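The values are calculated or read from the model by the stated rules, or taken from the named source; none is laboratory data. Bear in mind the structure is a predicted one, so any value in this text is a computation, not a measurement. FYI the Cβ positions are ideal-geometry reconstructions off the backbone, even for glycines, and counts take in every protein chain you see.
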Amino acid sequence: MDTNQLLDSDFQNTGLSLTSDIRANLSETARWGKFIAIVGFVFVGLFAIFAIFAGAIFSSALNEMADVYPFQISGVFISLFYLGFALLYFFPCLYLYRFSTRMQTALAADSGGDLSVAFKNLKSVYRFMGIFMAIILGFYVLMFVFGIFGGLMTAFL
């Protein structure tokens, strides 16, 4: 009697189950997520390829317009900008791809472990996008504050 209680103590019935409707929705979500992730990987590759040539293209164009623009942006800076953008876009695509493949595996094999890993990767997608959004909003606030400060400085000069 004691042994049965020990074995059953680890089992927790949460009351949640994957109905056929939920499974169909998760399957469709995984397919769309995989499509979006693969297209994202293609764009990451295109950005990386463009970054290689962007430095040469923009530096020659900017050298011809040196008399129009008072500042110069080096081609290396532009290449690094596009490489950074490609790297930044790579991680949400990777997490989304991992979510999609694990979800498809979990639904095919009826595996709770794969389902857990799939949702962990989906959480990573949203966490990454949330942090990125917070950083962008912070930049907007800084630009707003500097814009007001600059406007006040020009009003008093």
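Within the range 1-46, restricting attention to residues that are β-branched (V, I, T) and modelled with pLDDT of 95 or more, which residue is nearest to L94 (Cα to Cα)?
The first filter runs over the range 1-46 and keeps only residues β-branched (V, I, T), leaving 3, 14, 19, 22, 29, 36, 38-39, 42, 44.
Restricting the remaining residues to those that are modelled with pLDDT of 95 or more gives 29, 36, 38-39, 42, 44.
On the way: T29: 16, I36: 10, I38: 9, V39: 11, V42: 12, V44: 11 Å.
Here the residue is I38.
Sort through L157, L83, L142, L137 and tell me the only one that's surrounded by fewer than 13 Cβ atoms within 10 Å (Cβ to Cβ) and at pLDDT below 95. Before the answer, list the steps.
On the way: L83 fails: surrounded by fewer than 13 Cβ atoms within 10 Å (Cβ to Cβ); L142 fails: at pLDDT below 95; L137 fails: at pLDDT below 95.
One residue alone meets the criteria, L157.
Taking the range 25-45 as the search range and keeping residues that are aliphatic (A, V, I, L, M) and exposed (fewer than 12 other Cβ atoms within 10 Å of the Cβ), which one is nearest to S124 (Cα to Cα)? Spell out how you get there, then give the answer.
Taking the range 25-45 as the starting set, the residues that turn out to be aliphatic (A, V, I, L, M) are 26, 30, 36-39, 42, 44.
Adding the requirement that they be exposed (fewer than 12 other Cβ atoms within 10 Å of the Cβ) leaves 39, 42.
Values: V39: 19, V42: 21 Å.
This residue is V39.
Identify all residues within the range 115-153 that are within 30 Å of T105 (Cα to Cα) and among the hydrophobic types (A, V, I, L, M, F, W, C); write none if there are none. Even if it seems obvious, please write down each step before you answer.
At the first step, the residues of the range 115-153 found to be within 30 Å of T105 (Cα to Cα) are 115-132.
Of everything in the range 115-153, those that are within 30 Å of T105 (Cα to Cα) and among the hydrophobic types (A, V, I, L, M, F, W, C) turn out to be L115, V117, A118, F119, L122, V125, F128, M129, I131, F132.
Determine which member of the set S116, S79 is in a helix (DSSP H, G or I), under 22 Å from G45 (Cα atoms), of a type in the set (G, A, S) and under 26 Å from the mean Cα position of the chain (by Cα). Break it down stepwise before answering.
On the way: S116 fails: under 22 Å from G45 (Cα atoms).
The match here is S79.
Give the range 106-125 a look and list any residue that's surrounded by 13 or more Cβ atoms within 10 Å (Cβ to Cβ), within 18 Å of I36 (Cβ to Cβ) and not hydrophobic (A, V, I, L, M, F, W, C), or say none.
Across the range 106-125, the qualifying residues are N121, S124.
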